[in-house]
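Asker: Next up is a structure, given as structure tokens.
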Amino acid sequence: MSAIQNRIHVEFADLFQPIDNPGARAVLQLLASPPPNELIGNVYVLPYIGDDWIYIVEENRGPKFPGGKIEPQENYMNAARRELQEEAGAELINYTVFAAWYTHSKSEKPHRPHLPHPVSYGLLGYGEVALTGEPTNPEGAGKTVSVKQGQLSDVVKEFTADQLSGMSTYCGQLYRMAARLRALAGKPSHAADCEDAAADA
């Protein structure tokens, strides 16, 4: 474990506790690089513009960061780009992987046939974005009702105040972790450019 990773583990110790629910057990792991694409089931983006952070609010839900399941034949970068367009109306400029939920499913079958099972990763990264339009809100997905932008402290406060999800405070702390990693790492060497991702599709 690097000195930076050790510092993050100490500062955000609660985030690394196992998460157990009836369907799966997940443990957050810090990563220096992404796992194999065939093991990635979900991709999430903590978006930022300059010093501001972006989050979304879905209908009948509290604040969240964009993300979701990988589609068939899709790599993780293209999944991140798609989820941002669908949920935030945003274009992904670059994406830096910093962690993943290592998840072991308790179900006999995967949620969808193409998804990894029983072991999978829910990839987490922060990404520079540009807000280019309205969320596309495809049918069958959660409906974004607003896209919010604010300073880190205000974003964390919004997540902490939410009463609709038991995970909101946890997710707010993930924004703090992402911001701290950005500050500690400077310009990250493992930030992936979206134009490169399109070539890999």
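Asker: So what is the 222 nm mean residue ellipticity for the chain from helices alone, if each DSSP H run of at least 4 adds -39500 (n - 2.57) and you divide by all residues, rounding to the nearest 500 deg cm²/dmol?
Answerer: So the helix-based figure for the chain works out to -8500 deg cm²/dmol.
Asker: Need the full-extension length gain, V119 to K143, defined as separation in residues times 0.36 nm minus the C-alpha distance. One decimal, nm.
Answerer: That pair, V119 and K143, stretches by 5.8 nm at full extension.
Asker: What lysines could a cross-link reach from K143, if we take a straight Cα to Cα line under 29 Å and drop same-chain neighbours fewer than 8 places away?
Answerer: Hits, sequence-local ones excluded: K64, K69, K106, K109, K157.
Asker: Let me ask something additional. Between V97, V45, V57, which gets the highest mean-square fluctuation from a Gaussian network model of the chain, Cα cutoff 10 Å?
Answerer: Greatest mean-square fluctuation among the candidates belongs to V57.
Asker: Among 127-137, 76-86, 166-176, how do they line up by average Cβ neighbours within 10 Å per residue, starting with the highest?
Answerer: Highest-to-lowest ranking by the protection proxy: 76-86, 166-176, 127-137.
Asker: Residues of the stretch 23-55 with amide nitrogen under 19 Å from the 7 Å Cα-to-Cβ point of E11?
Answerer: 28-33, 46-54
Asker: Who wins for biggest fluctuation among E139, E38, E71 in a Gaussian network model of the chain, springs between alpha carbons below 10 Å?
Answerer: Per the Cα network of the chain with a 10 Å cutoff, E139 tops the list.
Asker: Find how much the distance from A130 to Q29 grows on full extension, using 0.36 nm per residue of separation minus their present alpha carbon separation; answer in nm with one decimal.
Answerer: Length gained between A130 and Q29: 33.6 nm.
Asker: Right, something else. Could you give the spread of the C-alpha atoms of the chain along their three principal axes, from largest to smallest, in whole angstroms?
Answerer: 42, 41, 39
Asker: Could you tell me which of H104, V155, Y55 has its Cα farthest along the dipole of the stretch 45-201 towards the positive end, charges placed at Cβ (Lys, Arg +1; Asp, Glu -1), taken about the Cα centre?
Answerer: Highest projection toward the positive end goes to H104.
Asker: Checking a compactness column here: for the stretch 92-180, what do you get for Rg(Cα) / (2.2 N^0.38 Å), N being the number of residues?
Answerer: Taking the Cα Rg and dividing by 2.2 N^0.38 Å, one obtains 1.30.
A short reminder: the numbers here are calculations on the coordinates, not readings from a lab. What you are looking at is a predicted structure, and each value in this text was computed from that prediction instead of being measured. Reconstructed Cβ throughout: ideal geometry from the backbone, glycine too, with neighbour counts over all protein chains shown.
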